[in-house]
Amino acid sequence: MIAQAGFDATYVLAGTEADLATGGAASATDNLAGTWRIPGQPNDLPATATEKANPSGFQRCPSDGKLCRSGNWFAALSPGTTSFTPYSLVVYTQYKSLIPAGTNESNYQVVYTPCLPGDDPTHPDGCPVVRLPRCTSQSDLRCTEFVQKIAGGSYRVGVRIGSHNGYMM
């Protein structure tokens, strides 16, 4: 169920699985599309999957000199939720125009932040952005499961969320 283009929200009852989608396929006119799969959790939780533009002046890329894609953040948000058991999975596709030259499956890194400016009063300027490591074991709770270059040059990415939730680029 998609509430509107680029946005899907629901209240998930304990034990219920949910797939929240932000759109169909990534294209030149819809550069980012994906799904947040939430397996049945022990408690009820609100959940929203959406795309959000980078706020003016917010650093969208760590200052480490490595490549970052452009465009909107993929937001997987469940206010107040600090863990998922089992972990949830975000899978999104970004259109090729968002990917900087020189990017390949092995050097692509997901940039993550738990909050953008205005989300959290304790972090009015937003939270730090970090690069997510690749998942190496089932116990990794926030990591990149896979990066896949697909036909035509777009990228499909899977991000495991077991600890907190937030924004991915």
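The values are calculated or read from the model by the stated rules, or taken from the named source; none is laboratory data. It should be emphasised that the depicted structure is a prediction, and the values quoted were computed from it without experimental measurement. Cβ atoms come from the backbone with ideal geometry, glycine included; neighbour counts cover every protein chain shown.
Residues in segment 22-43 that are surrounded by 14 or more Cβ atoms within 10 Å (Cβ to Cβ), assigned to a loop (DSSP other than H, G, I, E, B) and at pLDDT 90 or above: how many?
Within segment 22-43, the first condition is being surrounded by 14 or more Cβ atoms within 10 Å (Cβ to Cβ), and the residues that meet it are 22-23, 26-27, 30-39, 41.
Subset that is assigned to a loop (DSSP other than H, G, I, E, B): 22-23, 26-27, 30-31, 39, 41.
Among the residues that remain, those that are also at pLDDT 90 or above are: 31, 39, 41.
Within segment 22-43, residues that are surrounded by 14 or more Cβ atoms within 10 Å (Cβ to Cβ), assigned to a loop (DSSP other than H, G, I, E, B) and at pLDDT 90 or above number 3.
When you go through Arg131, Arg142, Arg160 one by one, which is the residue that is over 21 Å from Ala25 (Cα atoms) and either modelled with pLDDT of 95 or more or touching a helix residue (DSSP H, G or I) at 6+ places or on another chain (Cβ under 6 Å) (or both)?
Unique residue meeting the criteria: Arg131.
Answer yes if at least one residue in segment 84-92 is closer than 17 Å to Thr22 by Cα, β-branched (Val, Ile, Thr) and at pLDDT 95 or above, and no otherwise. Lay out the reasoning, then the answer.
So the first thing to find is which residues in segment 84-92 are closer than 17 Å to Thr22 by Cα, and the list is 88-92.
Checking the rest, the ones that are also β-branched (Val, Ile, Thr) come to 90-91.
Filter once more, so that each one left must be at pLDDT 95 or above: 90-91.
Yes, segment 84-92 contains a residue that is closer than 17 Å to Thr22 by Cα, β-branched (Val, Ile, Thr) and at pLDDT 95 or above.
Among the residues that make up segment 44-67, is at least one of them in a loop (DSSP other than H, G, I, E, B) and more than 23 Å from Pro128 (Cβ to Cβ)?
So in segment 44-67, the residues in a loop (DSSP other than H, G, I, E, B) come out as 44, 53-67.
Then drop every residue that is not more than 23 Å from Pro128 (Cβ to Cβ), which leaves 44.
Yes, because at least one residue in segment 44-67 is in a loop (DSSP other than H, G, I, E, B) and more than 23 Å from Pro128 (Cβ to Cβ).
Give Thr144, Thr122, Thr113 a once-over and let me know the one that is touching a strand residue (DSSP E or B) at 6+ places or on another chain (Cβ under 6 Å), closer than 25 Å to Ser56 by Cβ and of a type outside the set (A, V, I, L, M).
Working: Thr144 fails: closer than 25 Å to Ser56 by Cβ; Thr122 fails: touching a strand residue (DSSP E or B) at 6+ places or on another chain (Cβ under 6 Å).
Only one candidate passes the filter, namely Thr113.
Taking the residues in segment 124-168 that are of a type in the set (A, V, I, L, M) and in contact with a Leu (Cβ under 9 Å, 6 or more places away or on another chain) as candidates, determine which candidate is nearest to Asn54 (Cα to Cα).
The initial filter retains those residues of segment 124-168 that are of a type in the set (A, V, I, L, M), namely 129-130, 132, 141, 147, 150-151, 157, 159, 161, 168.
Of the ones still in play, those that are also in contact with a Leu (Cβ under 9 Å, 6 or more places away or on another chain) are 159, 161, 168.
Working: Val159: 19, Ile161: 21, Met168: 11 Å.
So, considering only residues that are of a type in the set (A, V, I, L, M) and in contact with a Leu (Cβ under 9 Å, 6 or more places away or on another chain), the one nearest to Asn54 (Cα to Cα) is Met168.
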